[in-house]
Each structure stands twice: as C-alpha cells, then as structure tokens.
1. With all protein chains present, how much of the accessible area of the chain (probe radius 1.4 Å) comes from carbon and sulfur, to the nearest whole percent?
2. With +1 on each Lys and Arg Cβ and -1 on each Asp and Glu Cβ, how big is the dipole of the chain about its Cα centre, in debye rounded to the nearest 20?
3. Could you tell me which of L29, L52, A160 has its Cα farthest along the dipole of the chain towards the positive end, charges placed at Cβ (Lys, Arg +1; Asp, Glu -1), taken about the Cα centre?
4. For the chain, take the longest principal axis of its alpha carbons; what is the angle in degrees between that and the long axis of helix 123-147, to the nearest 10 within 0 to 90?
5. Need one number: nm distance between label points at L52 and A34, each 7 Å from Cα along Cα→Cβ, rounded to one decimal.
6. Do the sum for the chain: with -39,500 (n - 2.57) for every DSSP H run of n ≥ 4, divided by all residues, what is the mean residue ellipticity at 222 nm, to the nearest 500 deg cm²/dmol?
7. Taking Cα atoms, how many degrees apart are the long axis of helix 69-88 and the longest axis of the chain, rounded to 10 and kept between 0 and 90?
8. Which of these, L159, L52, L127, has the largest mean-square fluctuation under a Gaussian network model of the chain (Cα springs below 10 Å)?
Amino acid sequence: MMQEPYDLSSPSLTTLKNPSLRTESLVALGAFGALTTGAAVLGARASNSSQLWYRKLRKPSFQPPSWVFGPVWTALYGLMSFSAWRVWNGPAGRKRSWALMLWGLQLGFNALWSPLFFGKHRQRAALADIAALGVSLAAYTATAREVDRGAAWMMAPYLAWVGFASALNEEIVRLNP
C-alpha cells in the first residue's frame with residue numbers, strides 16, 4: 001500500500017481545498033504584508049530624513065554600504081510576513097495566539113527603532129529598543145516553532161540581522177558619546 005506523500009489534514013492543505021478558507025487566508029497574508037509594509041515605510045521615512053546627521057556619525061569598520069539595507073530589509077519583511085501567515089494558518093489555540101501576539105510585539109519594536117535612532121537621534125534609546133526587539137523576536141521564533149517549524153526557520157535571517165544591527169548600534173553609541 002502506498003503512503004500519501006502529504007499529511008492531508010495539515011492546515012495548509014485544508015486551506016487549499018476550501019475556497020472560503022483560501023480567501024480568508026489570502027486576506028490574512030495581505031494584512032501581514034500591510035503591517036510589515038507600514039513598519040518599513042515608517043523606518044524609511046525616518047532614515048531618509050536624517051541622511052546628513054547619519055553621515056556625520058563615526059561608524060565602525062563593519063558598517064555595510066548604505067545600498068545593502070534596502071534589499072536586506074525587503075527580504076526580511078517578506079519572510080516576516082510569510083512566517084506570521086504560516087502561523088496564522090496553523091491550528092487555532094493558545095500557542096498560535098501567543099505567537100501572533102509576539103509577532104506583533106516584535107514588529108512594534110522594529111517600527112520604533114528607526115524613528116528613535118534616525119528621527120530623534122537617540123542612539124541609546126534605539127539600542128534599548130533593539131535589545132527588546134531581539135528578545136521579542138527570539139520569543140516569537142521559539143513559540144512559532146511549536147505551531148509551524150517552517151515559520152520559525154523563516155525568522156533565522158532576521159534574528160541574525162538583528163544581532164548584527166545590535167552590534168552596529170552599540171558601536172555607533174560607543175564611537176559617538
């Protein structure tokens with residue numbers, strides 16, 4: 001007897017088989033995409049308004065060229081949205097709800113960083129924010145793993161980038177007392 005290659009009871013396959021769930025799922029994906037786009041726009045506005053101030057700061061030797069940030073953040077926001085959507089498509093319950101709350105929390109910290117750093121020129125406050133971002137992101141990733149392992153793995157590049165950005169932020173604070 002041949003075994004089915006897919007678990008036909010998985011949430012994603014159930015969604016594909018039911019047109020009303022498929023529509024609901026696409027709306028959810030759009031909502032997660034819109035939320036991350038909002039955070040991205042907020043960050044871009046704050047970043048663009050402080051170009052002269054930022055250029056004058058002393059930066060560490062490991063500071064990437066400015067053109068790197070746009071493509072990196074675009075990919076990370078896409079992964080973030082898709083991760084949340086996969087969790088949303090997971091089985092309803094406390095773990096899924098907790099994971100989605102943590103996702104929203106990390107997105108809030110993410111959205112706050114650029115206005116703090118670039119908009120208000122408060123590098124130390126931004127450093128505290130990015131530390132909170134790292135904690136909430138790690139908590140989301142661990143909780144998402146219990147709902148959908150793939151959703152958790154999608155956050156690995158973001159976790160790495162936040163670690164790198166934290167080191168960069170910390171060095172800018174140190175170099176610019």
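The values are calculated or read from the model by the stated rules, or taken from the named source; none is laboratory data. What you see is a predicted model; the values in this text were computed from it and never measured. A quick note on method: Cβ atoms are made from the backbone with ideal geometry, for glycine too, and the neighbour counts reach across all protein chains shown. We work out accessible area using only protein heavy atoms, side chains counted, and drop any ligands, DNA or RNA first. Shrake-Rupley method; radii C 1.70, N 1.55, O 1.52, S 1.80 Å.
1. 65
2. 600
3. So the residue furthest toward the plus end is L52.
4. Taking Cα atoms only, the helix is inclined about 10 degrees.
5. Distance between label points: 3.7 nm.
6. -25500 deg cm²/dmol
7. It works out to around 30 degrees.
8. Evaluated over the chain, the most mobile residue of the options is L52.
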